[in-house]
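Trainee: Encoded as structure tokens, here's the structure I'll be asking about.
None of the figures in this text is laboratory data; all of them are computed from the coordinates on show. Nothing here was measured: the structure is a model prediction, and the numbers come from that model. Note that we place each Cβ from the backbone using ideal geometry, even for glycine, and neighbour counts take in every protein chain shown.
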Amino acid sequence: MGFWDAYFRSLKPLEVEEPIDVWVHRPPAYVLAKILLPTPVSPNLVTVGSILAAFAAGGCIFANFPWHLPLAGALIFSSAVLDCCDGQLARLRKSSSAFGRMLDGVADWVGSTVVVGGGAWLVLRKFQEPRWAMAVAGVLALTTIITGSFHTTMYDHFKNVFLRLTHPSYREGEELSAALERFEAQRGQMSFVIRVTFAIYFFYLRSQNDYVDKFDPLSRGLAAQSVEFSERNAAVYRKYAGPVMRWWRTLFGFGSLVFGLAVSIGLDIAEYYMLFRLLLLNALFYGYIRPRQREATRRALQEIASPS
């Protein structure tokens, strides 16, 4: 099997994979995963490496030495590659686990918080005077951060729904109730670090559920497995949700966010990237994606419930 054939077999279905990951982050991640395959290095250790790279990038952003921002951009890119590598290594070893997926999600949240915060600080540093300009920049940066978290959280939710209904062998998402059961079953054996990981994970799941209820409440039923998998149901959901998923995976995923931050911070133009996300992506997100996704969910549920 050639390199590219083997590489594409290591990916999740391309219907949900972000193009920036497929063509930029995941190829070097796959090479690294192949190197690590015969070693004792675990996917969870790679995930920890991704978190450390993000923190190192944050340190470089706030530091003051020559080329600190290009180095921060390179570290952000490295963090994204490691974040892709952990899942590919787990799939190569056939060792995916609920805890590994949870840790990966926590790494995304922690890493993006550090890096996005650093990008916001770079913007504020450029608009310190007059004070009103700094206040405006701060409000715009905070709005961008909050809405950007909605983008990636909703992509994650609808990706998981799409995989559950069209590719049942993939189990990317987890309901809060299932995570709580897992926590209670393991509570007596947990270290402090695992407890903190669970706490961050629960915060993420609750926040995601709260926003899904506002964005597309009918999709909660799909995520909670109220619809059984069948070839017919998969075809129906793919027909309605597939076109919207192309937008989700192209512009609103974690990989797209991190790549944009790596480039814009490395070049010290974070303010332009934040304006792009604040104005253009939010206009698309709220003006087009939200109504299209709600309509896709409604029509898919309606057709699935109708007689064949």
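Trainee: Beyond 26 Å between alpha-carbons counts as too far, so tell me which of 159/214; 12/34; 12/239; 214/239; 94/159 fall in that bin. List each step's numbers first, then the result.
Mentor: Working: 159/214 17 Å; 12/34 17 Å; 12/239 19 Å; 214/239 24 Å; 94/159 21 Å.
From the list (159/214; 12/34; 12/239; 214/239; 94/159), the Cα-Cα distance tops 26 Å for no pair.
Trainee: Something else about it: Can you run phi through the Karplus equation (6.51, -1.76, 1.60; θ = phi - 60°) for the stretch 92-107 and list ³J(HN,Hα) in whole Hz, with x for Gly and Pro?
Mentor: With the stated coefficients, the stretch 92-107 comes to 5, 8, 6, 10, 4, 9, 4, 5, x, 5, 5, 4, 5, x, 5, 4 Hz.
Trainee: Tell me the label-point distance for the pair residue 184, residue 135, using the 7 Å Cα-to-Cβ offset, in nm and rounded to one decimal.
Mentor: For residue 184 paired with residue 135, the spin-label model returns 4.9 nm.
Trainee: To continue, here is another question. Report the local net charge at residue 149: Lys and Arg +1, Asp and Glu -1, summed over other residues whose C-beta lies under 15 Å from its C-beta. Please list the in-between numbers first.
Mentor: Details: positive: 206, 214, 277; negative: 108, 156, 210.
Counting the neighbours of residue 149, the net charge comes to 0.
Trainee: Taking a virtual spin label 7 Å from the Cα of residue 269 along the C-beta vector, which residues in the stretch 48-83 bring their backbone nitrogen under 15 Å of it?
Mentor: 70
Trainee: What Kirkwood Rh does the stretch 13-122 have if only Cα atoms enter the pairwise 1/r average? Answer in Å.
Mentor: Radius from the Kirkwood sum: 14.4 Å.
Trainee: Could I ask something else about it? D for the stretch 38-86, whole µm²/s, Stokes-Einstein with Kirkwood Rh over alpha-carbon pairs at 20 °C and 1.002 mPa s: what number?
Mentor: Answer, rounded: 193 µm²/s.
Trainee: Here's something else I'd like to know. By counting other Cβ atoms within 10 Å of each Cβ, how are 230, 149 ranked from fewest to most?
Mentor: The fewest-first ordering by Cβ neighbours comes to 230, 149.
Trainee: Also, I was wondering about something else. Counting only other residues whose beta carbon sits under 15 Å from that of residue 50, what net charge do I get with K and R as +1, D and E as -1?
Mentor: My count for the surroundings of residue 50 gives -3.
Trainee: If the cut-off is a Cα-Cα distance under 17 Å, which aspartates and glutamates reach residue 126, setting aside same-chain residues fewer than 8 apart in sequence?
Mentor: By straight Cα distance, residue 126 reaches 268, 271.
Trainee: Before rounding to the nearest 500, sum -39500 (n - 2.57) across all DSSP H runs of length at least 4 in the chain and divide by the residue total; then give [θ] at 222 nm in deg cm²/dmol.
Mentor: Estimated from H runs of four or more residues: -24500 deg cm²/dmol.
Trainee: For 206, 277, 220, what's the fewest-to-most ordering of other Cβ within 10 Å of each Cβ?
Mentor: Fewest-to-most Cβ neighbours within 10 Å comes out as 206, 220, 277.
Trainee: Please list 3J(HN,Hα) in residue order for the stretch 65-71, calculated via the Karplus relation 6.51 cos²θ - 1.76 cosθ + 1.60 where θ = phi - 60°; whole Hz, with x for glycine and proline.
Mentor: Karplus-based 3J(HN,Hα) across the stretch 65-71 equals 8, x, 6, 5, 6, x, 5 Hz.
Trainee: With springs connecting C-alpha atoms under 10 Å apart, model the chain as a Gaussian network and identify which of 51, 289, 76 has the largest mean-square fluctuation.
Mentor: Sorting by GNM fluctuation, first place goes to 289.
Trainee: Could you tell me the center-to-center distance, by alpha carbons, between the stretch 259-308 and the stretch 152-169 in angstrom?
Mentor: Answer, in whole Å: 15.
Trainee: Could I ask something else about it? Tally Lys/Arg at +1 and Asp/Glu at -1 over every other residue whose Cβ is under 10 Å from the Cβ of residue 15; what's the total?
Mentor: My count for the surroundings of residue 15 gives +4.
Trainee: Under the definition of Cα pairs under 8 Å and six or more residues apart, what whole-number percent is the relative contact order of the stretch 3-305?
Mentor: Relative contact order comes out at 27 percent.
Trainee: What is the stretch 105-238's relative contact order, in percent, from Cα pairs under 8 angstrom and six or more apart in sequence?
Mentor: 31
Trainee: On full extension of the chain, what length is gained from residue 67 through residue 298, given 0.36 nm per residue of separation minus the C-alpha to C-alpha distance?
Mentor: Once the chain is fully extended between residue 67 and residue 298, it gains 78.1 nm.
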